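**Student:** Starting off with a structure, shown below.
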Amino acid sequence: MVVRYEAREGGGGRIVVARLKSGSDLLEALQEIVSREGIEAGVILSGVGLLGEARLRNCKSLPDEFPITDVNRTYLSFRRPLEILSISGNVSLADDEQLVHAHLSLSYVEGDEITVIGGHLIPGCTVHGFAEIMIMELEGIKMRKGFDEETKTLQLFA
Amino acid sequence: MVVRYEAREGGGGRIVVARLKSGSDLLEALQEIVSREGIEAGVILSGVGLLGEARLRNCKSLPDEFPITDVNRTYLSFRRPLEILSISGNVSLADDEQLVHAHLSLSYVEGDEITVIGGHLIPGCTVHGFAEIMIMELEGIKMRKGFDEETKTLQLFA
Amino acid sequence: MVVRYEAREGGGGRIVVARLKSGSDLLEALQEIVSREGIEAGVILSGVGLLGEARLRNCKSLPDEFPITDVNRTYLSFRRPLEILSISGNVSLADDEQLVHAHLSLSYVEGDEITVIGGHLIPGCTVHGFAEIMIMELEGIKMRKGFDEETKTLQLFA
């Protein structure tokens, strides 16, 4: 089987714990936290809480040639209570800007049925009540994204 | 866009790895571990395994005024094999008691179809075979929950 | 309620960040990374990215007596774009071999509907474009799996 990758190693550093308040945009809040704290390399350790609305991006088709663009994506909006089940992702430097890249999963109920949705985190996910987030800074790793010839996008360690 | 939050920073400490055994209640086990180990501030790094039954809480409606109460929640029970896909959450001190706050996602199959469910972890999730859990203690952060006037509930750093 | 477990404690060590490239088998790549880096005890901190196909294992029934075997499992394959929402799991030593044990959740879209699937990570999950993975080594904990009389399988700290 094929195995191809780029890897770097370092260690764990500072951990920032934040409670986001009602009305906050989840992605904007994460971006502001890493900006204010000066985090240029990090990992999202945990995220739980409640949203009142969400907007998610998913990939619906694969192009014959890279890059993947908006032609290949579906953007969907949800307006209802949504439990945040998980937030996964990291903090890097893309074009010298701090970038939070995160995917999340969310649950909601209708009658006696639970549905779970998820996708790439984009603006439009609004906290209702609270969300508890943890980000750990990475030490000794430069999480820099450069232009990758293969995928025609900015990628880690390219 | 709105961004409002409270944040604290510290570092990572001890990591406890536990294998829960058959019949154990998942939340009760997590509570007993943090109690026995004296963890008052922590993050759940990982959780995988299998449940034989589950009970989950989800938010079904948002009240005109806080707090969110049981009128706004749905409690659902499941009796079947359920893979634990993720457990997210943290350990704090609420009214001087160690509190595990966690959300989880679970999968099951019927015929050739996989369904994923999730929600807030409550008592009634029973381990079948095993579950492997990791909790990291936080150093230099007081994860204290106090009464928050806005949400009318106990919240981190309120 | 029943609470039974085995636990060990240690601390966090090295963190390896890897960007897996197109065509890579997700599990094989994780196995090769821990092999090449000599990681015998670890936790998967994060995983996000995109798959072009997936194969997942779920438990469909519980046997009257342990062990759980393939009679109790369903293997399902998917050939479409799948966002990696989360990867949870750990690295241990089973029969002196480094073992990555992971569960994952994935999302896909059809029209305006998002579906989330998940299960135990097995070979057959192929990265498309990229996947960003983080593994933290554990220090001071021997993550050794031995034969467990109760479940009739290899288990942590048995």
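The values are calculated or read from the model by the stated rules, or taken from the named source; none is laboratory data. Nothing here was measured: the structure is a model prediction, and the numbers come from that model. Positions of Cβ are generated from backbone atoms using ideal geometry, with glycine treated the same way; all protein chains shown enter the neighbour counts. For accessibility, only protein heavy atoms count, side chains too; no ligands or nucleic acids. Shrake-Rupley method; radii C 1.70, N 1.55, O 1.52, S 1.80 Å.
**Student:** Every residue in the stretch B:81-94 that is within 17 Å of the chain's Cα centre (by Cα) and within 9 Å of chain C (Cβ to nearest Cβ), please.
**Tutor:** B:LEU82, B:GLU83, B:ILE84, B:LEU85, B:SER86, B:ILE87, B:SER88
The rows are residues; the columns are (1) acidic (Asp, Glu); (2) surrounded by fewer than 17 Cβ atoms within 10 Å (Cβ to Cβ); (3) in contact with a Gly (Cβ under 6 Å, 6 or more places away or on another chain); (4) in a helix (DSSP H, G or I).
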residue	(1), (2), (3), (4)
C:ILE15	no, no, yes, no
C:ALA29	no, no, no, yes
C:ILE39	no, no, no, no
C:GLY47	no, no, no, no
C:LEU50	no, no, yes, no
C:ARG57	no, no, yes, no
C:THR74	no, no, no, no
C:LEU93	no, no, no, no
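**Student:** Are any of the residues in the stretch A:111-134 surrounded by 15 or more Cβ atoms within 10 Å (Cβ to Cβ), among the polar types (S, T, N, Q), under 18 Å from C:SER105 (Cβ atoms) and away from chain B (no Cβ under 14 Å)?
**Tutor:** no
**Student:** Ok, one more. Which members of the stretch C:137-154 meet the condition of being closer than 18 Å to C:ILE39 by Cα and within 18 Å of the chain's Cα centre (by Cα)?
**Tutor:** Correct list: C:GLU137, C:LEU138, C:MET143, C:ARG144, C:LYS145.
For every residue, the table says whether it meets (1) over 30 Å from B:GLU149 (Cβ atoms); (2) in contact (Cβ under 8 Å) with a residue 24 or more places away in the chain; (3) hydrophobic (A, V, I, L, M, F, W, C).
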site	(1), (2), (3)
A:GLY89	yes, yes, no
A:ASP95	yes, yes, no
A:LEU99	yes, yes, yes
A:VAL109	no, no, yes
A:ASP112	yes, no, no
A:PHE130	no, yes, yes
A:GLU139	yes, yes, no
A:GLU150	yes, yes, no
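**Student:** Quick check on my filter: what residues within the stretch C:95-152 are closer than 30 Å to A:ILE68 by Cβ and among the small types (Gly, Ala, Ser)?
**Tutor:** Passing the criteria: C:ALA102, C:SER105, C:SER107, C:GLY111, C:GLY118, C:GLY119, C:GLY124, C:GLY129, C:ALA131.
**Student:** Here are C:GLU53, C:GLU37: which of them is more than 22 Å from B:ILE135 (Cβ to Cβ), more than 9 Å from every other protein chain (Cβ to nearest Cβ) and at pLDDT 95 or above?
**Tutor:** Just a single option satisfies the conditions, and that option is C:GLU53.
**Student:** Filter the stretch B:17-27 down to the residues that are open to solvent by 10 Å² or more (accessible area, probe 1.4 Å) and more than 13 Å from C:GLU6 (Cα to Cα), then identify the one that is farthest from the other protein chains (Cβ to nearest Cβ).
**Tutor:** B:LEU27
**Student:** Only one of C:PHE78, C:PHE66 is within 14 Å of chain B (Cβ to nearest Cβ) and part of a strand (DSSP E or B). Can you tell me which?
**Tutor:** C:PHE78
**Student:** Something else about it: Identify, from the list B:GLY124, B:GLY119, the residue that is under 15 Å from B:SER77 (Cβ atoms), outside any strand (DSSP E or B) and within 19 Å of the chain's Cα centre (by Cα). It would help to see each step written out before you state the result.
**Tutor:** Working: B:GLY119 fails: outside any strand (DSSP E or B).
Testing whether each residue is under 15 Å from B:SER77 (Cβ atoms), outside any strand (DSSP E or B) and within 19 Å of the chain's Cα centre (by Cα) leaves just B:GLY124.
**Student:** Could you please find all residues in the stretch C:135-158 being hydroxyl-bearing (Ser, Thr, Tyr) and open to solvent by 10 Å² or more (accessible area, probe 1.4 Å)?
**Tutor:** Scanning the stretch C:135-158 gives a single hit, C:THR153.
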